[in-house]
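Notes to accompany the following structure.
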Amino acid sequence: MVAAHSVSFDPVIARERRRRLLAWYRAHARAMPWRRTSDPYRIWVSETMLQQTQVATATPYYVRFVARFPNVAALARAPLSDVLSHWSGLGYYRRARHLHAAAQLVVREHRGRVPDDPLAFGALPGVGRYTTGAVLSIAFDRKLPVLDGNVARVLTRWYALPVAPRDPAGARRLWELATALVPMRGAGDWNQALMELGAVVCTPRSPRCDVCPVAASCRALTLGRAEAFPIATKRRATERVRRAVALIEHRGRVLLERRDGALLAGLWEPPGVELAAGADAGAALRSKLHALGVSATLADSGACVRHTITHRAITVEVWHARARAVPRRGALRWVERHAPTLALTALARKLIARARW
Ligand code: SF4
């Protein structure tokens with residue numbers, strides 16, 4: 001067992017720790033093309049590419065991408081096929097689709113300027129909490145934290161926190177700690193310093209504690225347990241879940257609702273409801289639509305879609321609906337079913353692709 005420790009925030013100690021890490025970062029940060037700019041668009045492109053891709057792989061793609069699409073407006077007016085061809089080989093093409101859709105929204109709704117407000121930026125397709133923190137702290141010096149795998153590893157070791165970053169409770173704890181540590185000024189350098197430390201010194205295996213700038217205050221090192229952190233996520237039994245969704249289509253468009261919750265927050269999906277054991281799907285769905293203010297006639301399509309998300313195996317009963325009235329609300333949107341411009345859940349993509357209207 002790893003011992004739990006409380007986290008100390010003595011301001012003098014915190015300042016000294018910060019100073020050491022930042023001094024190390026300034027002296028040792030690897031040269032990367034996006035580190036030579038404060039252009040929020042270019043930083044955003046780099047952060048998007050780096051989400052599932054190593055720095056060495058992403059670098060030539062980044063250089064070609066920003067040469068072809070040097071600003072938000074250029075990206076927004078480019079055909080999607082051109083954007084995808086510049087992404088070709090990087091994988092995870094949803095990132096490119098989202099970036100393209102988001103650029104068009106920035107042009108339409110923010111006069112072509114990347115918004116520096118976390119709510120506005122975080123509402124763009126494909127932009128989650130990590131990307132919001134990274135882009136806005138680096139480009140605009142907004143006091144926002146980041147938490148990725150590298151930062152989670154550094155923090156759990158530095159503070160000997162016995163939490164699993166992939167567990168919702170562990171992630172919450174780490175976001176709180178990352179938030180508390182961000183300085184008032186220089187948030188971007190601080191965040192990059194943490195990420196860099198995790199990437200090149202505090203590595204998953206064989207961390208280089210002998211050259212680490214925070215070794216003197218690292219609790220995991222003091223315990224002689226650096227590699228014991230972060231602790232692994234406990235395997236959870238698969239939970240079986242029943243859900244009913246309403247596919248509401250009107251002239252080629254489909255009605256979507258913004259999801260909440262730890263895993264799907266900010267993503268869009270046809271309105272649906274989780275069903276208790278033995279619940280009547282039609283009644284539950286009717287009451288859900290009523291709560292949304294949607295007036296519709298429902299018909300069971302008889303189709304079931306199976307979907308798995310982390311530890312949940314979901315059986316989705318699909319209902320078709322003819323909408324009589326739909327309120328104009330923040331949590332509901334009509335989108336073109338063949339070219340949705342919102343970030344969809346994987347289930348939504350599956351449902352829309354299989355729907356027979
Ligand atoms: Fe990581 Fe070692 Fe530095 Fe602690 S001393 S933060 S374990 S590299």
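Within region 312-349, track down each residue that is open to solvent by 40 Å² or more (accessible area, probe 1.4 Å), assigned to a loop (DSSP other than H, G, I, E, B) and in contact (Cβ under 8 Å) with a residue 12 or more places away in the chain.
V326, R329, G330, R337, H338, P340, T341
Are any of the residues in region 255-262 more than 21 Å from the chain's Cα centre (by Cα), aliphatic (A, V, I, L, M) and away from the ligand (no atom under 16 Å from the Cβ)?
Filtering region 255-262 for residues more than 21 Å from the chain's Cα centre (by Cα) gives 255.
Restricting the remaining residues to those that are aliphatic (A, V, I, L, M) gives 255.
Then drop every residue that is not away from the ligand (no atom under 16 Å from the Cβ), which leaves 255.
Yes; the residues of region 255-262 include at least one that is more than 21 Å from the chain's Cα centre (by Cα), aliphatic (A, V, I, L, M) and away from the ligand (no atom under 16 Å from the Cβ).
Table: residues versus (1) closer than 30 Å to V200 by Cβ; (2) touching a residue at least 60 places away in the same chain (Cβ under 8 Å).
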position: Y25; (1), (2): yes, yes
position: H28; (1), (2): yes, yes
position: A31; (1), (2): yes, no
position: Y41; (1), (2): yes, yes
position: Y61; (1), (2): yes, no
position: P79; (1), (2): no, no
position: H86; (1), (2): yes, no
position: H98; (1), (2): yes, yes
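Select from region 147-163 the residues that are in a loop (DSSP other than H, G, I, E, B), away from the ligand (no atom under 13 Å from the Cβ) and not aliphatic (A, V, I, L, M) and write down the one among them that is farthest from the chain's Cα centre (by Cα).
P162
Which of the following residues is more than 16 Å from the ligand (Cβ to nearest atom), farther than 30 Å from A348 by Cβ and among the acidic types (D, E): D189, D210?
D189
Go through region 237-284 residue by residue and tally those that are part of a strand (DSSP E or B) and either without any contact (Cβ under 8 Å) to a residue 40 or more places away in the chain or surrounded by 12 or more Cβ atoms within 10 Å (Cβ to Cβ) (or both).
22
Could you check how many residues of region 176-188 are in contact (Cβ under 8 Å) with a residue 40 or more places away in the chain, assigned to a helix (DSSP H, G or I) and surrounded by fewer than 19 Cβ atoms within 10 Å (Cβ to Cβ)?
Total satisfying the criteria: 1.
The values are calculated or read from the model by the stated rules, or taken from the named source; none is laboratory data. Not measured: the values here are computed from a predicted model. Here Cβ is always computed from backbone atoms with ideal geometry, including for glycine, and neighbour counts include all displayed protein chains. Ligands, DNA and RNA are excluded from the accessible area calculation, which covers all protein heavy atoms including side chains. Shrake-Rupley method; radii C 1.70, N 1.55, O 1.52, S 1.80 Å.
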